[in-house]
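*Asks:* The following block contains the structure, expressed as structure tokens.
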Amino acid sequence: MNDNVFEINNVSRAFGQVTAVDGLTLSLRKGEVTGFLGTNGAGKTTTIKMLIGLIRPTSGTVRLFGRDPVESSVRARIGYMPEMAYYYPFLNVRELLAFYGGVCGMDGKSVKSRTDELLEAVGLVDAAKRPLKTYSKGMLQRAGIAQALLNDPDLLILDEPFTGLDPLARIHFRELIKKLREKGKSIFFSSHELGETELLCDSVAIMKKGHCIYHGPVDRLAGDGGGNLERLFLDVLEKGGVQ
Amino acid sequence: MNGRIRRIGALVKLSLLELWRRNDMFALLVLALVLLVPLSMARPFGATGATRYFDEAALLLVWGYSLFISLGVGGRLFTSEFANRTVYPLLAKPVSRGELLLGKYLGAVAAAWSALAFFYALWAVSSALRGGECLSVCFFQAFVLHALFAALAVAAALCGSFLFTPSASTTLLAILFPAMFFFGRRLPEYAENVSGALRWLVDAFYWVAPHVEFFDMRQRLVHGWGGVEPGVFLAVVGYGVAYSAVLLLFTGILFNRKRL
Amino acid sequence: MRKLIPYGAIALVAVFAMSLAKVPPAQMPQAVSGGGFLSVLLGDAKKDISGAMIKEADSYFHGGVDMDCHHLHGHADHGSQHDEHGHDCRCEHCAHEHMKCDGAHDKGSFDPWRWINERVRAPEIERHLEGERTIELMPWFWAAVKADPHNVEAWGTAWYVASHMMHDDALALRIAVDGWRQNAGSMAMACVVGRAYRAKGTLDQKHSEAMFRKAVELGRNKEKLEGNDLFSFYEALGYLAEYAENENDMRALEMLLREAKRVEPDHPTTKLIESKLRESRK
């Protein structure tokens with residue numbers, strides 16, 4: 001039985017003359033946490049968009065739990081947090097979660113209990129009744145994490161989750177990710193925060209100009225990079241790949 | 001099926017909350033009071049008892065408001081989602097683009113209708129207080145047709161938001177709708193006074209443009225003409241539903257092809 | 001502080017508007033023949049707006065039907081919806097009793113949009129406003145004279161509606177006097193006031209006579225009398241002749257006859273005064 005939560009097979013995506021992703025092959029095993037790294041414009045966001053079915057690849061296949069992510073029902077098993085979304089300013093976080101819960105087809109009771117749990121987990125209980133327009137950037141990020149986790153997804157896809165989080169919030173978030181991993185959830189996140197990525201991930205994939213130039217476990221770093229992820233990252237980008 | 005209804009219901013509720021929390025409604029209500037209260041107290045030549053002018057003014061104001069609300073709500077539906085990047089977490093949920101479009105549209109229509117019901121209720125109460133008859137067949141027909149107008153305006157604004165920038169779309173529709181409202185039925189007269197390509201253009205416009213004047217039953221309400229024949233009523237309802245459906249279909253195609 | 005900005009803006013606009021009203025009309029870019037804030041604001045458009053208000057009053061009188069008699073619409077369907085005059089009353093252009101729906105403009109092809117418009121926007125039967133219900137016309141006349149205080153037609157029609165339809169002589173007189181105040185150089189307006197003082201509820205022959213004399217005096221000062229002025233001149237002479245006849249004042253009748261002959265010797269009113277004089281001499 002295929003243990004992969006997602007599989008990206010020789011996928012390319014072009015926008016006119018520009019090839020954002022070129023021949024990418026990547027997969028994520030169940031229960032794994034993978035960091036998705038790369039410079040700006042490397043193709044990370046395009047890859048994530050193909051993964052959640054927002055756009056179709058020009059060539060190759062993308063499979064989410066063995067199915068095409070464009071099928072809406074398969075997305076019931078994923079949670080996605082975009083980079084810096086400005087959620088509906090006229091709602092408070094409870095209403096936001098109630099809305100997303102409804103969109104996920106959850107009933108009111110489940111939404112309520114899940115909301116209480118998540119607000120506690122992301123530290124927004126005290127601000128629950130305030131409209132989102134009064135939230136800081138970090139608080140909006142936490143609301144975004146909460147909505148991504150609302151339907152208890154098997155796969156969590158996060159785009160720059162650490163943006164705007166203060167040190168305390170980062171620690172809380174790290175603990176949250178660890179708990180999710182212990183529950184057997186798979187997590188795939190893109191980030192520029194190499195330190196956080198190194199602490200959380202089982203493996204990293206590094207993109208450069210639409211190609212995945214490195215994909216390997218983090219615990220191999222001592223051999224590959226001779227040290228830490230930052231050194232590996234710079235090495236990989238300069239050399240264009242690792243043997 | 002339950003899941004689909006829940007998904008669409010959640011989207012509808014979002015639009016309703018947005019309209020009633022944006023303070024637009026309250027601003028419009030205050031403006032209405034500022035305009036209509038002095039008007040209701042007017043004593044032309046010191047005489048009292050005239051009411052039709054007030055009904056006409058009030059209903060014209062309601063039409064203006066409903067256009068403003070419909071174009072505003074419809075135009076903002078996806079524009080704000082794209083601008084605030086909330087379309088991404090939405091589409092990452094188990095909801096198809098078609099459901100999202102339908103749910104957002106129905107939400108906007110529900111929002112526009114709630115505002116319309118509010119203003120019509122106010123007008124009915126005001127008419128009743130002045131001794132007029134309000135809850136008649138004509139009133140019901142007028143409300144239903146006006147509601148269809150709002151649905152069509154929302155569909156047009158939604159479609160326009162995918163074709164043009166928000167301000168361009170709103171401006172175009174804010175010109176087109178009143179122009180058709182007041183002059184649409186006179187287009188054949190204008191066509192007769194021009195020739196050549198211009199005549200062809202006017203004729204084509206006459207056939208294709210949304211004839212929003214069909215939904216206008218103000219004169220019937222103000223002057224007590226009574227309701228329209230059932231066949232005519234159904235014809236106008238059919239026109240409104242069909243036109244809105246075509247606009248929605250076209251919007252669906254645009255949405256599916258939109259690069260996200 | 002920021003919350004006060006909208007109120008400050010409103011106050012600024014209000015101050016600007018009030019100061020605009022105080023600017024002498026001659027200094028305004030558009031030609032303005034009268035004072036008043038509305039006149040200054042509307043400029044040349046006041047006549048058009050005033051005219052539009054009269055048209056609306058006319059529409060109200062006909063039960064809300066647009067009485068544009070320019071018969072450009074074709075009639076695709078005469079159907080069976082004819083009133084007692086034999087007119088197709090579904091067509092908004094036929095609803096008036098003066099129009100005949102003879103199919104002369106039938107274009108032949110069916111226009112569904114016109115079919116719908118003719119049925120949504122036209123009443124089954126045309127209804128004129130009558131009696132007390134004609135009060136509904138007053139706001140439009142009022143708006144007409146507010147937009148253009150020199151619209152004598154509006155004042156006159158308002159008076160007529162108040163006097164002959166609403167049978168409210170006091171209101172009619174009020175309207176006439178207000179109109180005269182705004183149009184002291186108008187012969188037609190003078191006659192309106194004169195007639196207002198003839199009504200049963202506000203009968204005052206002295207004032208009535210004075211107003212008709214005023215009309216004649218205004219006519220005397222005009223270089224040439226034509227159109228409405230000519231009509232008003234002879235109307236005033238006719239009423240003055242009636243008053244003189246009632247009082248057996250031959251001298252007054254002779255003076256009136258001289259006035260009448262001076263302008264149009266063959267005018268019916270001239271002939272009428274002549275016959276009154278003849279009768280009085282018998």
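*Asks:* Within segment A:76-91, is there a residue that is of a type in the set (Gly, Ala, Ser) and more than 11 Å from chain B (Cβ to nearest Cβ)?
*Replies:* no
*Asks:* Moving to a separate point now. Taking segment C:147-169 only, how many residues are facing chain B (nearest Cβ under 9 Å) and over 23 Å from C:Asp229 (Cβ atoms)?
*Replies:* 3
*Asks:* Given the criterion more than 14 Å from chain C (Cβ to nearest Cβ), in contact with a helix residue (DSSP H, G or I) (Cβ under 9 Å, 6 or more places away or on another chain), farther than 30 Å from B:Trp123 by Cα and among the aromatic types (Phe, Trp, Tyr), identify the matching residue among B:Phe162, B:Phe143, B:Phe205.
*Replies:* The unique qualifying residue is B:Phe162.
*Asks:* In segment A:21-75, how many residues are away from chain B (no Cβ under 14 Å), assigned to a loop (DSSP other than H, G, I, E, B) and within 27 Å of A:Lys179 (Cβ to Cβ)?
*Replies:* Counting residues in segment A:21-75 that are away from chain B (no Cβ under 14 Å), assigned to a loop (DSSP other than H, G, I, E, B) and within 27 Å of A:Lys179 (Cβ to Cβ) gives 4.
*Asks:* May I pose another question? Out of segment B:224-233, which residues are at the interface with chain C (Cβ under 7 Å from one of its Cβ atoms) and at pLDDT 90 or above?
*Replies:* B:Val228, B:Glu229, B:Val232
*Asks:* Which condition number in (1) touching a helix residue (DSSP H, G or I) at 6+ places or on another chain (Cβ under 6 Å); (2) more than 14 Å from chain C (Cβ to nearest Cβ); (3) in contact (Cβ under 8 Å) with a residue 60 or more places away in the chain; (4) of a type outside the set (A, V, I, L, M) is the one that B:Trp113 fails?
*Replies:* Evaluating B:Trp113 over (1) touching a helix residue (DSSP H, G or I) at 6+ places or on another chain (Cβ under 6 Å); (2) more than 14 Å from chain C (Cβ to nearest Cβ); (3) in contact (Cβ under 8 Å) with a residue 60 or more places away in the chain; (4) of a type outside the set (A, V, I, L, M) leaves (3) as the failure.
*Asks:* Can I ask one more? Among the numbered criteria (1) exposed (fewer than 15 other Cβ atoms within 10 Å of the Cβ); (2) within 11 Å of another protein chain (Cβ to nearest Cβ), which one does A:Val111 miss?
*Replies:* Result: A:Val111 passes all but (1).
*Asks:* Tell me the helices (runs of 4 or more DSSP H) entirely within segment B:153-219 that contain at least 3 residues that are surrounded by 14 or more Cβ atoms within 10 Å (Cβ to Cβ) and in contact (Cβ under 8 Å) with a residue 24 or more places away in the chain.
*Replies:* Working: elements: B:166-183, B:187-192, B:196-208.
Per the criteria, B:166-183.
*Asks:* If the requirement is being part of a helix (DSSP H, G or I), over 26 Å from A:Val11 (Cβ atoms) and of a type in the set (A, V, I, L, M, F, W, C), which of these qualifies: A:Leu118, A:Leu124? Lay out the reasoning, then the answer.
*Replies:* Details: A:Leu124 fails: part of a helix (DSSP H, G or I).
Answer to the selection: A:Leu118.
*Asks:* Considering only segment B:22-95, give the helices (runs of 4 or more DSSP H) lying wholly within it that have at least 1 residues that are within 12 Å of chain C (Cβ to nearest Cβ).
*Replies:* Filter on segment B:22-95 gives B:24-40, B:52-83.
*Asks:* Now for a different question. Scanning for something more than 11 Å from every other protein chain (Cβ to nearest Cβ) and closer than 30 Å to B:Ala83 by Cα, does segment B:178-192 turn up at least one residue?
*Replies:* Scanning segment B:178-192 turns up at least one residue that is more than 11 Å from every other protein chain (Cβ to nearest Cβ) and closer than 30 Å to B:Ala83 by Cα.
The values are calculated or read from the model by the stated rules, or taken from the named source; none is laboratory data. Remember, predicted model here, so these are calculated numbers, not experimental data. Cβ: placed from backbone, ideal geometry, glycine included. Neighbour counts: every protein chain shown.
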